[in-house]
Amino acid sequence: MKAYLVLDFSVRDLAGFLPYVEAIPAFIEKHGGRYIVRGTQPTVMEGDWAPERMVILEFPSRADAAAFLEDPEAQALYAVRHGTTLSKLVLVDGCD
């Protein structure tokens, strides 16, 4: 069953965030993932949720998504994202 990582984030330090933006696609691909939504500005249609930017990644399975998040070689990049953005991340299963 496919799994999706949904990231809601706002950038606090664009210059500091750019190394993450440039390097993270290789790790997404390494774990079989692909972008469904890539850093777009969402339009809120209902409720009081106010995301600034959204990324949605699709992985072949929950295990692949978890391996992406746990990849030791990507941890420094995650630290960059955590230090330069305010972000919320959820993992959800698809409807296969």
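General observations
- Count - residues of region 15-28 that are free of Cβ contacts under 8 Å to residues at least 40 places away in the same chain and either loosely packed, with under 13 Cβ neighbours inside 10 Å or within 21 Å of Ala63 (Cα to Cα) (or both): 4
Residue by residue, here is whether (1) under 18 Å from Tyr4 (Cβ atoms); (2) small (Gly, Ala, Ser) holds:
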position: Lys30; (1), (2): yes, no
position: Thr43; (1), (2): no, no
position: Glu52; (1), (2): no, no
position: Glu58; (1), (2): yes, no
position: Arg62; (1), (2): yes, no
position: Glu73; (1), (2): no, no
position: Ser87; (1), (2): yes, yes
position: Gly94; (1), (2): yes, yes
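- Within region 1-14, the set of residues being in contact with a Gly (Cβ under 8 Å, 6 or more places away or on another chain) and either at positive phi or loosely packed, with under 13 Cβ neighbours inside 10 Å (or both) comprises Met1, Asp13.
- Applying the condition of being among the small types (Gly, Ala, Ser) and at pLDDT 95 or above to region 11-46 and asking which residue is nearest to the chain's Cα centre (by Cα) yields Gly33.
- Qualifying residues in region 64-87 (those that are hydrophobic (A, V, I, L, M, F, W, C) and in contact (Cβ under 8 Å) with a residue 40 or more places away in the chain) - the one surrounded by the most Cβ atoms within 10 Å (Cβ to Cβ): Ala65
The values are calculated or read from the model by the stated rules, or taken from the named source; none is laboratory data. All of these numbers come straight from a predicted model, not from anything done at the bench. Glycine gets a Cβ as well: all are built from the backbone with ideal geometry, and neighbour counts include every protein chain shown.
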